[in-house]
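Right, one structure below, let's go through it.
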Amino acid sequence: MSTAEGQVKRQWMLEGLDCANCAMKIENKVKKIEGVSSCSVNFTMKMMTLETAASEAETISEQARQTVLSLEPHVKLREMKTGAIRKPLQSGSFRTGHPGEAGGHAHDAHDDHDHSQGSAHQHEDTSGEAHGHSHDHGAGDTRRILLRLAGGGLLAAAGMFLPVDGIPELLLFLAAYLIVGGEVVLSAARNIVRGQVFDENFLMALATIGAFAIGEYPEGVAVMLFYQVGELFQGMAVNRSRRSITALMDIRPEFAYLKEGGNLRRVSPEEVGIGDVIVVKPGEKVPLDGTILEGRAMMDTSALTGESVPRSAEPGSQVLSGFINQSGVITVEVTQTFGDSAVSKILELVQNAAGNKAKTENFITKFARAYTPVVVITALLLAVLPPLVLSGATFSDWIYRALVFLVISCPCALVVSIPLGFFGGIGAASRSGILVKGSNFLEALNDVKIVVFDKTGTLTKGQFTVTGIYPSEGFTEEELLRTAAYAESHSSHPIAASIRAAYGKEISGEATADYNEISGHGIEVTVEGRAVLAGNTRLMKREGIASSTPAQTGTIVHLAVDQKYAGYLVIADELKEDSLSAIQALEALGIRKTVMLTGDTTAVAEAVGRQLGISEVHAGLLPQHKVEAIERLERGKSQREKIIFVGDGINDTPVLARADVGIAMGGLGSDAAIEAADIVIMTDEPSKIAAAIGIAKRTRSIVWQNIIFALAVKAVFLLLGAFGIATMWEAVFSDVGVTVLAVLNSVRALQVPNKLA
């Protein structure tokens, strides 16, 4: 595979895929195609995602399509065009938000934290080719299945209660059997021809045909009848959960009102370009990311961020696609195409989550693959050995027991409910504004014992404000602030912006001249004919100016006018409202160590650490030093324990990628963070980390309830069947009943607990 030309990701809807076991088989078979770097089949969303080298994409995609059709001829494939090539991340491909590196301008203490907005990739739907028919249980299909089952049931009842015997009795039950289970037998036969022997169709066909062979006609028909009823209920339960997830993800806007002169034209969101102007009316979804030009409105952001309280938006406010306008007409200038919009990124992340499977899911997949052949061989031995070694044992009795054993052994409960439980957990997290890229990351959250935070933009707001003005003798506070604002008038640095914001008055461009940035020190400039220096302690020392030593913590900007020290300003970054409660919630969940890694000075970092009660603080770090710090923590933990790193921008991508679980905070603003992180928190709330861990623990609990319940019930009935206590009727009830209950239990994972919502 050529990484230089990138990887192509393609997706297909597999309409008519109604069997989790079949989804597992498709995935395993397609993975074996040469040139496929990854393949996942999401049974819940009926979606296959395939990744290949760009040069071989067409050939391999066709092979994959043919493989699906060879395994499941009735499935209809519809391609979801992605069209995007994923390339290796390069820092140069993203626009950085702040200067302040080499050649930038320096103050005493601040994080140079870049937030980037680059390009993301997304897809558009196009119809593919149709093959066969759908097996989905829609209203029409359900009616047809019920009529078929009722017809077969009546014929079976006639065979049991009418005074018939011999050939007429056999023909009556045979007709009932073919009406009820002909489709199952046909599927089993087709699968055997295709080399796919061991599946639930084979087990049911073998068990029921075996019942006919030993003269147990009523049980053969009844078992197939109850099996089909169970499958119907299972299909309805799975469809219900699928609808819940689909509704959850139904944030895609259908249209946009494009403003052309004085007219509005309703268009698809894909048709709107950057710089176009759209109008959003009350009750409508915002179709694309943009900036409000006119109008004010309250925005329901819950679909994207999980926030229950609407936020106000006014001219200059940023709005994201997927927000719902609750009041007022707004005019928006589009800043991202639909493919790069927030809603597209979210949909892509959730849809692709199935590709990263938890260890539990992978174990169940392997278990099911080995389990069915073992059960069939065990059943064969159970049918043959006891009559040969036990006196008085008859073949008909032990064959019946073996058939009961086969019926009970279907692994459907595990194969269907486990992936469904994890997908439900991912859905619940997305409702809370937490995007999890795969069930493996959701499962990993259960073992997290160390949480490592970046500071600026993660625990603090990343918005600098002037918190203190300390003039020296001969200067007033107002004069000092005015001089600083004029000196900083040409800088785009956030600290400079905070000083201008604190001054709050118009700054005349003609008042400043000879502006010069001194790398690593600050700036020199002429303000109204006077020579002004603004910067850190190093600048004052370089110029031989005696300066004060501030007692306050924060970023210090010293000023000198005509070589005379004028005083200093203190600029501080505020803590986020929920940072303290986030640390406390993590400790309550059993996190044994919280760590903060920052590029800020030791004094500022330790002050923040004390306020929040963080266990360890490491300051003055560059991105590579943060990676080294994570590696040291890695060496000091047990093998089972996991480390989370939480960061918010492009500077954090190396360490996001290095941690066991990387969480991007407010990551929709940085494509690099989205690429590198395993979990993306769509709000800037650190408290969502504890919420994510809570959802992970609840999901694991539901998954293990299903595993223990299914295996325990099967173990009991397998023993009862082997000893001749359980009949086929009870076997079917144990099989389909467990499956339906496990599926319904998995649906609970979709609900967000009240305390996390």
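Within the stretch 638-649, track down each residue that is at pLDDT 90 or above and either among the hydrophobic types (A, V, I, L, M, F, W, C) or not in a strand (DSSP E or B) (or both).
The answer is GLU641, ILE643, ILE644, PHE645, VAL646.
Go through PHE367, PHE405, PHE395 for me and flag whichever is farther than 30 Å from ARG700 by Cβ, surrounded by fewer than 23 Cβ atoms within 10 Å (Cβ to Cβ) and not charged (D, E, K, R).
Just a single option satisfies the conditions, and that option is PHE395.
Out of VAL557, VAL525, which single residue is modelled with pLDDT of 90 or more and either over 26 Å from VAL604 (Cα atoms) or outside the structural domain of GLY474 (by TED's automatic domain parsing) (or both)?
Of VAL557, VAL525, the one residue that is modelled with pLDDT of 90 or more and either over 26 Å from VAL604 (Cα atoms) or outside the structural domain of GLY474 (by TED's automatic domain parsing) (or both) is VAL525.
Go through the stretch 317-338 and report how many residues are touching a strand residue (DSSP E or B) at 6+ places or on another chain (Cβ under 7 Å) and touching a residue at least 60 places away in the same chain (Cβ under 8 Å).
4
Quick one: ASP578 ticks every box in (1) in contact with a strand residue (DSSP E or B) (Cβ under 9 Å, 6 or more places away or on another chain); (2) surrounded by fewer than 19 Cβ atoms within 10 Å (Cβ to Cβ); (3) of a type outside the set (Val, Ile, Thr) except a single one, so which number is it?
So ASP578 meets the others, but not (1).
Tell me, which residue of the stretch 491-518 that is more than 42 Å from the chain's Cα centre (by Cα) and assigned to a loop (DSSP other than H, G, I, E, B) is modelled with the lowest pLDDT?
SER508
If I filter the stretch 612-621 for residues that are in the same structural domain as ASP652 (by TED's automatic domain parsing), more than 26 Å from ALA676 (Cβ to Cβ) and either buried (at least 19 other Cβ atoms within 10 Å of the Cβ) or at pLDDT 85 or above (or both), do I get at least one hit?
yes
Residues of the stretch 12-57 being in contact with a Lys or Arg (Cβ under 6 Å, 6 or more places away or on another chain) and modelled with pLDDT of 85 or more, which ones?
MET13, LEU14, GLU15, CYS39, LEU50, GLU51
Just to check your reading of the model, which residue among THR52, THR59 is polar (S, T, N, Q), surrounded by 22 or more Cβ atoms within 10 Å (Cβ to Cβ) and over 19 Å from the mean Cα position of the chain (by Cα)?
THR52
Taking VAL197 as the residue in question, decide whether it is modelled with pLDDT under 85 and surrounded by fewer than 22 Cβ atoms within 10 Å (Cβ to Cβ).
yes
What number of residues in the stretch 539-563 are touching a residue at least 60 places away in the same chain (Cβ under 8 Å) and either surrounded by fewer than 22 Cβ atoms within 10 Å (Cβ to Cβ) or more than 26 Å from GLY509 (Cβ to Cβ) (or both)?
Qualifying residue count, the stretch 539-563: 6.
Quick one: in the stretch 269-302, of everything that is among the small types (Gly, Ala, Ser) and surrounded by 14 or more Cβ atoms within 10 Å (Cβ to Cβ), which residue is nearest to SER321 (Cα to Cα)?
GLY290
Is there a residue being modelled with pLDDT of 85 or more, β-branched (Val, Ile, Thr), outside any helix (DSSP H, G or I) and not assigned by TED's automatic domain parsing to the domain that holds GLY220 anywhere in the stretch 686-705?
Taking every residue of the stretch 686-705 in turn, none turns out to be modelled with pLDDT of 85 or more, β-branched (Val, Ile, Thr), outside any helix (DSSP H, G or I) and not assigned by TED's automatic domain parsing to the domain that holds GLY220.
Go through the stretch 394-424 and report how many residues are over 30 Å from MET47 (Cα atoms), modelled with pLDDT under 85 and not in a helix (DSSP H, G or I).
Of the residues in that region, 0 qualify.
On the given criteria, is PHE441 among the aromatic types (Phe, Trp, Tyr), under 42 Å from the mean Cα position of the chain (by Cα) and part of a helix (DSSP H, G or I)?
Here the answer is yes, as PHE441 does meet what is asked.
Identify all residues within the stretch 564-611 that are in contact with a Phe, Trp or Tyr (Cβ under 6 Å, 6 or more places away or on another chain) and of a type outside the set (Ser, Thr, Tyr); write none if there are none.
ALA566, GLY567, ILE571, ASP573, MET596
Name every residue in the stretch 620-630 that is out of contact with any Gly (no Cβ under 8 Å at 6 or more places or on another chain) and either hydrophobic (A, V, I, L, M, F, W, C) or closer than 12 Å to ILE450 by Cβ (or both), in order of residue number.
Within the stretch 620-630, VAL627, ALA629, ILE630 meet the criteria.
The values are calculated or read from the model by the stated rules, or taken from the named source; none is laboratory data. Quick caveat: nothing in here was measured; it's all calculated off a predicted structure. Glycine gets a Cβ as well: all are built from the backbone with ideal geometry, and neighbour counts include every protein chain shown.
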